[in-house]
Amino acid sequence: MLNITIDTCVWLKLLSIDFKNEDNYFEEICFWIENNHIKHIVPTNIIDEWNRHKIAYQNDIVVYFKKLELESINPYKHNAEIASTYNSAAIESNVQKRIERIDVIFSIHSEKAPYDDNILIEAGKRNLNKSAPNHSKDSFRDTVNVISLIHYIKSKGYDNSIFTSINYKDFSVDSNKKYELHSHLKNDFASVNLDYIFFDEKENFGNLLFNQLRNKYGLISFQTYLKDKKDKEEAQKLLAQKSIDTTQIATPDADYLENIKHIDMVLSKKVPTSFELEMIKSLIGRHTSYKQYFLNNLGNNGMV
């Protein structure tokens with residue numbers, strides 16, 4: 001199984017994805033982790049960082065979404081019905097739900113990579129030697145994070161892992177090589193087959209990470225999951241719409257909902273083909289539920 005460690009800065013940035021489209025990177029990464037398609041490993045210091053920053057960032061995100069919402073409604077501010085759709089409480093609730101979801105991922109759906117005195121000493125030496133991620137500034141906590149992760153992966157014998165971060169200043173040489181891991185860290189990462197993927201927060205927001213997860217690592221398609229979910233929801237709506245017809249059917253056939261679509265198609269035609277009539281005959285012969293449905297709807301669409 002593929003393992004992934006997501007830096008605090010990436011989680012905070014994922015909070016800012018719009019809520020209006022369910023097919024987004026926040027929902028996708030949560031889906032993979034929560035359903036065990038990918039194993040999430042979190043250094044315990046990242047949990048501490050998350051808990052320190054999430055409330056302040058929550059307020060920033062709420063302000064950001066409120067501003068966007070007001071800007072979109074502003075041209076229609078004189079239309080009371082449209083203007084009334086603005087709901088600041090709903091925005092706050094949506095952001096809070098995302099934060100709580102990440103909290104649950106950390107507490108239930110993650111393996112924790114702890115640090116001890118030996119890791120702190122090793123991090124301190126790298127800090128004094130100005131070894132990445134300390135090559136440009138003091139990044140002791142980031143050093144603790146990566147050393148904790150590497151030690152944990154090695155102790156577990158995992159051989160297929162990813163670390164993703166926005167923070168290229170600590171993990172790369174400079175902005176011209178932000179997609180490339182710093183040479184100081186290459187041997188450490190290679191020793192446990194840990195891959196570094198820069199999370200671009202600007203022009204190509206997260207595209208590199210998610211394209212690799214989908215294509216290189218072959219994770220299950222979130223888009224297929226959403227389609228199947230939508231199909232099931234539509235099937236439930238169809239069942240509800242046909243409640244009058246189905247209340248008389250105690251034990252529908254297993255493929256009932258799918259097959260009555262074919263019956264509806266035939267009923268919609270004034271002159272069905274011989275093949276379509278044979279299909280109806282076959283379904284009626286297969287299960288009484290189709291005979292009941294066919295007779296109940298016969299004539300509704302002109303086939304008398």
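The values are calculated or read from the model by the stated rules, or taken from the named source; none is laboratory data. A quick note: this is a predicted structure, and the numbers were derived from the prediction, not measured. All Cβ positions, glycine included, derive from the backbone under ideal geometry; neighbour counts span all protein chains shown.
Take the conditions over 18 Å from the mean Cα position of the chain (by Cα), part of a helix (DSSP H, G or I) and surrounded by fewer than 20 Cβ atoms within 10 Å (Cβ to Cβ) and apply them to I46. Does it pass? Criteria not met by I46. Within region 89-111, can one find any residue that is in contact with a helix residue (DSSP H, G or I) (Cβ under 9 Å, 6 or more places away or on another chain), assigned to a helix (DSSP H, G or I), outside the structural domain of L194 (by TED's automatic domain parsing) and modelled with pLDDT under 85? Looking for residues that are in contact with a helix residue (DSSP H, G or I) (Cβ under 9 Å, 6 or more places away or on another chain), assigned to a helix (DSSP H, G or I), outside the structural domain of L194 (by TED's automatic domain parsing) and modelled with pLDDT under 85, one finds at least one in region 89-111, hence yes.
Put simply, of N207, N145 the only residue that is buried (at least 17 other Cβ atoms within 10 Å of the Cβ) and either within 21 Å of I33 (Cα to Cα) or in contact with a Ser or Thr (Cβ under 6 Å, 6 or more places away or on another chain) (or both) is N145. Name every residue in region 174-192 that is more than 19 Å from L208 (Cα to Cα) and out of contact with any helix residue (DSSP H, G or I) (no Cβ under 9 Å at 6 or more places or on another chain), in order of residue number. Within region 174-192, S183, K186, N187, A190 qualify. In region 24-32, the condition of being modelled with pLDDT under 95, in contact with a Lys or Arg (Cβ under 9 Å, 6 or more places away or on another chain) and surrounded by fewer than 22 Cβ atoms within 10 Å (Cβ to Cβ) is met by no residue.
Restricted to helices (runs of 4 or more DSSP H) entirely inside region 112-211, those with at least 1 residues that are under 29 Å from L15 (Cα atoms) and polar (S, T, N, Q) are 140-156, 207-211. Considered as a group, the residues in region 123-142 that are under 28 Å from I33 (Cβ atoms) and touching a His at 6+ places or on another chain (Cβ under 8 Å) include one that is surrounded by the fewest Cβ atoms within 10 Å (Cβ to Cβ), and that residue is A132.
Does region 185-196 contain any residue that is farther than 19 Å from L2 by Cβ, modelled with pLDDT of 95 or more, in the same structural domain as W11 (by TED's automatic domain parsing) and hydrophobic (A, V, I, L, M, F, W, C)? There is at least one residue in region 185-196 that is farther than 19 Å from L2 by Cβ, modelled with pLDDT of 95 or more, in the same structural domain as W11 (by TED's automatic domain parsing) and hydrophobic (A, V, I, L, M, F, W, C).
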